[in-house]
Structure formats: C-alpha cells, structure tokens
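Before any comments, here is the structure.
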Amino acid sequence: MIEFVNCSKVYEDNGAVGFKDVSLRIGEGEFVFVVGPSGSGKSSVIRVILKEEELTGGRLIIDEEDATALGRAEIPYLRRKMGVVFQDFRLRQNKTVFENVAFAMQIVGASYREIRRNVPMALTMVGLSRKSKAYPNQLSGGEQQRTALARAIVNRPPILICDEPTGNLDPETAWEIMSLLDDINRRGTTVVVATHAWDIVDGMKKRVIALKNGAVVRDAARGGYSEQLW
Amino acid sequence: MGFNRAKYFIEEAATGVARNSLMSVSSALTVSCCMLILIFSYSLAANVDYFLEQIENKSGITAFVDDALSDAGAERLRLQIAAEPNVATVTLITKERALEIMADKETGAAKDLIESLRDDNPLPRSFEITLLNGADHDTTLAALNALIGKGIYRVNADSATVGALVLFNNVVRVVSVFVVLLLGFLSVVIIMNTIKLTVNARKTDINIMKYVGATDWFIKWPFIIEGVIIGLFGALIPVVIFAFGYGPLVDGVKSALGSFATLLKFKDGMDIFVFAAPVILSAGVIVGVAGSSFSIRRYLRV
C-alpha cells in the first residue's frame, strides 16, 4: 500500500537530513506506529507521504502508484486516497461540525444526497452525532479531534495518516481516539500513526517502525515504544 | 461544474465579500472611480475624434480649373478626381456660383462692385474637394498637383491646419490609451489588495483544503468569483452614471460654449454607450479575475 524504496529527504534550504536511504513497506490493512525522538525523521516521512515535501532520492509507491513521478496537478487526487488527522485538528472555525465533515465530500464532487447520507454516518461512528451543529470553538479537544477523524474517513479512503493525533489530548481522550483508529483499521483501512505517545504504542501492540537520525533502526511486527526494546 | 459545486463557490464568495464588507465596498468604489474616469476619457476622446473629423471634412482642397477647358472636359476631370482613393466629394463651383459666394461675404459698395462684374466674370471655375481621411491629405494633394497643366492651373490647401489637426487627434488617442492602461492597472492592484486580505484571513482554510485533496481550482473559484463581484459592481456604477449623466453633461458644455457650440456636433450618448458599457463591464470582470488570481497564487503552494 505504501512503499519507500531507498528514499532520502534532504532539505535544500538548510541542508538538514530528514531521512536517508529508507526502505520500508506498509501493507494493505496494516496498523503502523512510526516512532522516534524529535528530529528522527518521522515528521519528514509523514510530510513526504502527504506530498507536502518531495523526495530528494528514491521512489515512493502509494496505492500501487508511483507518487514520486506525480505532477503538481495530480497531488490532490493522491491526497484523496488518504484521510489526514493532525495534532492541531485543523478545523474550519467558521463552519459547523457537519460542514467541516461535509467539506471533504464537496471537494470530491459528492452529491447533496450522498453528503446527507454519509456525513451523519461518519459522525455517528466517531460519537459526535449530537454535536453536528456545533462550531469547533464550542467543542472539547477530544471532540475536535473526533470531527477531524470523521472528516478524514467520510470519503472512505484506503489509507489514514495521523500525525501526533493525541498530542493535544488528555490521556483518557487519547485512548478514546486510538480506540476509534483501531476500529477504523479493523474495517480494512491502512492506518499510519506518527507519535511520541509511548504508553499508547506499548499498550496497542501494533507494528512499530522506529526512526533515529533519519534511519530506520527497528521494524517490529508487534512492538513497543521504549528505548530498551529497540 | 455541478450545481452543488457552483452553489458552494458562490456561497463562499458571498461570505468572503460579506466578511470584509467595508473593504469590499471601498474597493468596488475605487474601481468605480477608475472606471468612471475611463468611460469619460473614452467619451472625450470619441468626441474630439468626431470634432476633428467634422473639421477635417470642412477644410478641404480647392483645385482651380483652366479657363481653356470645356465644360465637358471639366466634368471628365471632376470624375477623374472623384476616383482618387481618399476623395469623399468633388463639387464643381461654376464662375457664377463663385461670384455669388464672394458677393455674399461682402456688403455695401464692395458687394455692388462684385455684382457689377457679373457680365464680365473674371473668377475661375473650381472644384471643392472633401476627403475621407485627413491623415492622407498629402497623398491626395500630390495627386491633384499632378493635374496642373492638365486642366487644373492651381491647387489651394491648408496643409498646415489639417496636419496639426491630425497630429492633435493622434496625441489625444495616445493619451487615452495611456489613461486606459494606467487605470486598468490601478484597478487590478486595488482588487488584488482586497482579495489578499480575504485570502490572508483564510490561509488556514486554504491549508486544510489542500490536505483534504482540493484542487487549486476548487480553492481559487470562490476568490475569483469574489473578485468578479467587486469588479462588476465597481464597473456597474460608472456605466449607470454615464447612462444618465452624459446627456446633461453635453448640454452643460454646449451652454458653456454658447454660439460656438453650433459649429460642432457632439457624439450621440447612445453611440458611446453601446460600445463603452460592455467594454467597461468586461473590464470590471477582467480586473476582478486578474486581481484575485494574482493574489491567491502564492498561497496555493502547499
């Protein structure tokens, strides 16, 4: 589903190495944690997958498509194959919960009928059906992240990318979000989570790809976060 | 573009205009001022052109016919001159008519003296020639001079006046084009600044749109429509002002000029309106599209 083939990312402006000569494969329906200390390269990996940054070497395959060769105009269509969840939620503040989720469907040209049917389903799945008319500033952090999650899955993308999804949440809410991600994964969606939350990684016993100084130092099928396990 | 999308784009554009309502209205009014100057500059240029055309037509060329040439020969010569490419009309002024014209200009003893020459008229026959285009005056003059000795014995023309008029007309045209370009550029800059404010306020939204998979055009459309609303509204005001203001303005100028105004005819307002209104409204749309496209480009690189 996602394959890095000898991939490198060096930032042109300051020469910093994001990651170097990384090769890894994430299969369809997998749940993968990408972990590592600050500056290890995990954010660069996420940014490259989202095509926010271009590789400086190697090849990236996403859903059997060579993402390295894509032109600027094709990037939006690649992004539609991926739902994205960020640490800071990134919701449109002047839109309701319903409108924030519906927006992802408007972008792909969904009909009014499809929007009326699928948005409530996505909101029900994340437990927000009663808050559909609320604005982001009327929601708790956990509810905002659930809205972002509903927006990410409403078009049923095959891949879900989460960049520190629990970074701004209290531990209890963080576990609720992770439980939702686990549910989504069980329905067949490939989930990639970049995180610092060691307790969650240790507790969920999923595949762990650990990065350090821009290189993959560990790839464990049912791993944990902590240093001694590396 | 589907109905849902179009509805979404228009709603977003209307929200953008409403959110920055003060800035949107002030931009539209500034565009109105530019377009108002534009439409009145054009009508001034069109009138000057029209006046010069009238003056050029009146200041024609006179070719004096040899007395030895028969009437039939003079008629052949008239047809030959009329066939010249830039000649509009050729009128034969007979010896009798020339004397009448001369007598009409005088009074008292001078008039009596002229009229006493009626039986022994010394005035020559002549051709009064008007031109299609004053700019080609010299070419026609050369063609007429070539007829000297072939039925024509002298050609009179006020080349300096015609040349000066043509030059003045060209200067007015160049200045008009310059004013049009300058005001068009100003309008684009004004709309750019307004849309930039809207875009800046929605930077985060644009960023979110990009990550959710929106194409550049999906993001651009609401801003472009917003620019079109401002530009079109800005252009509509001067068109309405012109429609109702040109007639009274011409009347005002005529009364200020007094009897001098009777010498020249002004362009009909409708003649200017049918050309200028669509141009001004299109210009409003174009500056709206250009202004918003330039201002959003930078924010799409995510």
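Every number here is computed from the coordinates shown, using simple stated rules; none is lab data. Not measured: the values here are computed from a predicted model. Here the Cβ positions follow ideal geometry from the backbone for every residue, glycine too, while neighbour counts run over all protein chains shown.
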20 Å reach of a label modelled at residue B:145, 7 Å along Cα-to-Cβ, counting backbone N of segment B:85-121: B:85-88
Apply 1/(1 + (r/R0)^6) to the Cβ-Cβ distance of residue B:119 and residue B:264, taking R0 = 30 Å, and write down the FRET efficiency to the nearest 0.05. 0.15
Reachable lysines, given that their alpha-carbon falls under 27 Å from the alpha-carbon of residue B:150 and they are not under 8 places away in the same chain: B:58, B:95
Separation between the residue B:133 and residue B:18 pseudo-spin-labels, each 7 Å from Cα along Cα→Cβ, expressed in nm? 5.5 nm
Entries of A:206/B:210; A:81/B:220; A:81/A:205; A:20/A:212; A:51/A:205 with Cα pairs more than 19 Å apart: A:206/B:210; A:81/B:220; A:81/A:205; A:51/A:205
With n ≥ 4 as the cut-off for DSSP H runs, can you work out [θ] at 222 nm for chain A, using -39500 (n - 2.57) per run divided by the number of residues, rounded to the nearest 500? -9500 deg cm²/dmol
Where does chain B land at 222 nm, in deg cm²/dmol rounded to the nearest 500, when only DSSP H runs of n ≥ 4 count, each adding -39500 (n - 2.57), divided by all residues? -25000 deg cm²/dmol
For residue A:131, list the aspartates and glutamates whose Cα falls under 19 Å from its own Cα; do not include residues on the same chain fewer than 8 positions away. A:99, A:143, A:176
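Expected output is a single nm value to one decimal: the length gained when fully extending between residue B:173 and residue B:10, i.e. 0.36 nm times separation in residues minus the C-alpha distance. What is it?
Separation in residues times 0.36 nm, less the Cα-Cα distance, equals 54.7 nm.
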Considering only DSSP beta bridges with both partners in chain A, what is the antiparallel share in %, to the nearest 5? 50 percent
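So, R0 is 30 Å and r is the distance between the beta-carbons of residue B:104 and residue B:249; what FRET efficiency does that work out to, to 0.05? Display every interim value, and only then the final one.
On the way: r = 37 Å, r/R0 = 1.22.
With a Förster radius of 30 Å, E is 0.25.
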In nm, give the distance between the simple-model label positions of residue A:113 and residue B:256, each being 7 Å from the Cα along the Cα-to-Cβ direction. 6.6 nm
Dipole size in debye (nearest 20) for segment A:49-88 around its Cα centre, Lys and Arg Cβ +1, Asp and Glu Cβ -1? 100 debye
May I ask for the distance between the Cα centers of segment A:7-74 and segment B:33-56, given as a whole number of Å? 63 Å
Give a residue-ordered list of calculated ³J(HN,Hα) values for segment A:105-114 (Karplus: 6.51 cos²θ - 1.76 cosθ + 1.60, θ = phi - 60°; whole Hz; x for Gly, Pro). 7, 4, 4, 8, x, 5, 6, 4, 5, 4
Straight-line reach from residue A:133: which lysines fall under 23 Å, measuring Cα to Cα and dropping same-chain residues less than 8 apart? A:95, B:7
Only Lys, Arg, Asp and Glu count, each charged at its Cβ (+1, +1, -1, -1), so figure out the dipole size of segment A:1-135 about its Cα centre, rounded to 20 debye. 920 debye
So how far, in whole Å, is the C-alpha centre of segment B:77-135 from the one of segment B:199-244? 66 Å
Point-to-point label distance, residue A:156-residue A:172, nm (Cα→Cβ direction, 7 Å offset): 3.5 nm
Theoretical gain in end-to-end length, residue B:3 to residue B:186 [0.36 nm per residue, Cα-Cα removed]: 62.4 nm
Give me the number: length gained by fully extending residue B:154 to residue B:275, i.e. 0.36 nm times residue separation minus the C-alpha to C-alpha distance, one decimal in nm. 39.2 nm
For a quick check, take a GNM of chain B with Cα springs below 10 Å and name the residue from B:186, B:123, B:141 with the largest mean-square fluctuation. B:123
Lys/Arg +1, Asp/Glu -1 at C-beta; segment A:79-230 dipole; positive extreme among A:210, A:220, A:127: A:127
Which GluC sites (Glu not before Pro) in segment B:93-143 pass both tests, a DSSP loop state and at most 14 other beta-carbon atoms within 10 Å? B:106
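By DSSP, what percent of the beta bridges with both residues in the protein assembly as shown are antiparallel, rounded to the nearest 5?
65 percent
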